[in-house]
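Participant: Shown below is the structure under consideration.
Coordinate-derived values only; no laboratory data. Small disclaimer: the values here were computed from a predicted structure and weren't measured. Please note: Cβ atoms are built from the backbone with ideal geometry, for glycine as well, and neighbour counts cover all protein chains shown.
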Amino acid sequence: MKFVFFTLKVILYPLMLLINIIIYSRNWLYDNGFFKSVRTNIFTINVGNLNLGGTGKTPHVEYLVRLLLDKQPVSILSRGYKRKTKGFILADENATAESIGDEPMQYFSKFNGKVNVVVCEDRVAGVNKIESLTNSNQVVILDDAFQHRKIAPHLNLLLCDYNRPFYEDFLVPIGRLRDVRTSAKRADAVIVTKCPNEISSQNYKQIKSGISKYILSETPIFFSRILYKPIRGYSEKSVFNPINSTSIITGIAKPEIFVDYILSQNIEVKKVHNFADHYAFSRKDIDKIIVENTYSDIITQMITTEKDMVKLKPLLSEKELNLFFYVPIEIEIEDKKVFDDFILGKLK
């Protein structure tokens, strides 16, 4: 197996080199002014990463919303990955995961009209449109725009997965990076995400040393961890019982972290159904899952992520909805006051 993996790496190495040259060339053209980056009138904060996903952008965007919401108007701008529409859309009561994407739909459902949730492939056009539709005293949080060099965020936050830090990873197709490590120098701060509850001083030192090779000397490094909230249902009839047979459904990157958490809660897990990241569930998928999880005419409880639930909910009957539960998550940042003051200080 190791030989096959090594051989595959050797075969794919030239392709990785080609991708490396293309990315370096593109960045050089932006860095030297041949391609123009635009800094908009509205203050923008980008939350992004260097890899293909799974670093926890969504809960960090939500953290920023909570931090800023009572201070000035906030909009969230995303491209709406895998949505079935195009162009600029301001989410309203008719929005669905299909029309704006699963993560924007989660934002819209969670903040319930307190923020503007917008999708647009062109971030510059999206921010300018937000400015024309709302007052200019806005903060626009850009969800996943680190590689979108056409816009120059006022504050660039780079997320780095504790379990797979970018400084140990490689460009696709050999690794999971979609941008070169040296792009980290564009970050105004780095947040190491998905940290365990306890980190040794040696690990802190190693992580900071690995990141510091690719960022500017004055760039701060923060650490965050996932906080799993109590399991929720959608009605008073939805009562989760941990001793009942339960099946897990995910459509996220790196589902093993979520699965391990559920197993750690002494929940009786019968089956695990892992789908691809941003998977577009269909009614056919629901029917198949229910059949596979029916024993002696009794259907097991289903537990999923908050992001997946926004896609599953419209497909479920009222009876089925009582069987489906989800786990909201938030993030906790070490040195919270230092981090909050850093963000708010930049806004001033």
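Participant: Put a dot 7 Å past each Cα toward the Cβ at residue 94 and residue 150; how far apart are the dots in nm?
Facilitator: Output for this residue pair reads 2.6 nm.
Participant: Name the GluC sites (Glu not before Pro) in segment 44-106 that are in a loop by DSSP and that have at most 16 other C-beta atoms within 10 Å, would you?
Facilitator: Those that pass, being in a loop and sparsely packed, are 93.
Participant: Let me ask something else about it. From the Cα trace of segment 21-137, what convex hull volume per residue do you get, rounded to a whole Å³?
Facilitator: 128 Å³
Participant: Quick check on the exposure proxy: order 300, 7, 246 from fewest to most C-beta atoms within 10 angstrom.
Facilitator: Fewest to most other Cβ atoms nearby, the residues stand as 7, 300, 246.
Participant: Pairs of alpha-carbon atoms within less than 8 angstrom and 6+ residues apart define the contacts here; what relative contact order does segment 246-327 have, in percent?
Facilitator: For segment 246-327, the relative contact order is 36 percent.
Participant: Note the angle between two axes, namely the Cα long axis of helix 336-347 and the longest principal axis of the Cα atoms of the chain, as a number of degrees from 0 to 90, rounded to the nearest 10.
Facilitator: Around 50 degrees separate the two axes.
Participant: Antiparallel DSSP bridges in segment 246-327: what percent, to the nearest 5?
Facilitator: Given both bridge residues lie in segment 246-327, the antiparallel proportion sits at roughly 15 percent.
Participant: Here is a follow-up. What fraction of the DSSP beta bridges in the chain is antiparallel, stated in percent and rounded to the nearest 5?
Facilitator: DSSP beta bridges in the chain are roughly 20 percent antiparallel.
Participant: How charged is the neighbourhood of residue 142? Take every other residue with its Cβ under 15 Å from the Cβ of residue 142, and add Lys/Arg as +1 and Asp/Glu as -1.
Facilitator: Its environment carries a net charge of +1.
Participant: How far is helix 102-111 tilted off the main Cα axis of the chain, in degrees rounded to 10, range 0 to 90?
Facilitator: Helix 102-111 and the main axis of the chain meet at about 80 degrees.
Participant: A follow-up question, please. Relative to the first principal axis of the alpha-carbon coordinates of the chain, what is the inclination of helix 57-68, with its axis defined by its Cα atoms, in degrees from 0 to 90 and to the nearest 10?
Facilitator: 80 degrees
Participant: Same structure, new question: Taking the Cα centre of segment 246-327 as origin, sum charge times position over the Cβ atoms of Lys and Arg (+1) and Asp and Glu (-1), and report the length of that vector in debye to the nearest 20.
Facilitator: 180 debye
Participant: Next up: Enumerate by residue number the trypsin sites (Lys or Arg not before Pro) in segment 176-283 meeting two conditions: DSSP loop (anything except H, G, I, E, B), and at most 16 other Cβ atoms within 10 Å of the site's Cβ.
Facilitator: For trypsin sites (Lys or Arg not before Pro) across segment 176-283 that sit outside H, G, I, E and B with at most 16 neighbouring Cβ atoms in 10 Å, the list reads 213, 237.
Participant: Once you put a point 7 Å from the Cα of residue 274 and another 7 Å from the Cα of residue 134, both along the Cβ direction, what distance in nm separates them?
Facilitator: The modelled label-to-label distance comes out at 3.7 nm.
Participant: Is segment 246-327 rounded, prolate or oblate when judged by the Cα gyration tensor, a ≥ b ≥ c being the square roots of its eigenvalues, rounded requiring a/c under 1.5 and prolate requiring a/b larger than b/c?
Facilitator: Taking the square roots of the gyration eigenvalues as a ≥ b ≥ c, segment 246-327 is oblate.
Participant: Which net charge results when you count Lys and Arg as +1 and Asp and Glu as -1 among the other residues whose beta-carbon is under 11 Å from that of residue 292?
Facilitator: Residues close to residue 292 contribute a combined charge of +1.
Participant: Still on this model: Looking at [x] 26; [y] 33; [z] 49, which value of percent of Cα pairs over 33 Å apart comes from a calculation on the structure shown?
Facilitator: [y]
Participant: Considering amide H positions built from the backbone, and no H for Pro or chain starts, which residues 5 or more places from residue 49, or on another chain, come under 5 Å of its amide H?
Facilitator: 146, 159
Participant: Take the alpha-carbon centre of segment 127-149, take the same for segment 209-279, and report the distance between them in whole Å.
Facilitator: A separation of 29 Å, based on Cα centres.
Participant: Could you check the spin-label model distance between residue 218 and residue 109? Points 7 Å from the Cα along Cα→Cβ, value in nm.
Facilitator: That separation, rounded to one decimal, is 4.3 nm.
Participant: Now for a different question. Given a cut-off of 26 Å, name the pairs among 229/346; 185/337; 237/270; 311/348; 57/84; 82/337 whose C-alpha atoms lie farther apart than that in the structure shown.
Facilitator: Pairs exceeding the cut-off: 229/346; 311/348; 82/337.
Participant: Here is a follow-up. Picking from 222, 201, 187, whose Cα lies most toward the positive end of the charge dipole for segment 181-228 (charges on Cβ: Lys, Arg +1; Asp, Glu -1)?
Facilitator: Result: 187.
Participant: Expressed as a fraction of 2.2 N^0.38 Å, the rule-of-thumb size for a compact globular protein of N residues, what is the C-alpha radius of gyration of segment 95-209?
Facilitator: That ratio works out to 1.29.
Participant: Counting other Cβ atoms within 10 Å of each Cβ, which GluC sites (Glu not before Pro) in segment 229-323 have at most 16 and sit in a DSSP loop?
Facilitator: 236, 268
Participant: Let me spell out the model: positive unit charges on the Cβ of Lys and Arg, negative unit charges on the Cβ of Asp and Glu, origin at the Cα centre of the chain. What dipole size does that give, in debye rounded to 20?
Facilitator: The dipole magnitude comes to about 940 debye.
Participant: Using a cut-off of 15 Å between alpha-carbon atoms, which aspartates and glutamates can reach residue 319, once sequence neighbours fewer than 8 places away in the same chain are excluded?
Facilitator: 236, 287, 297
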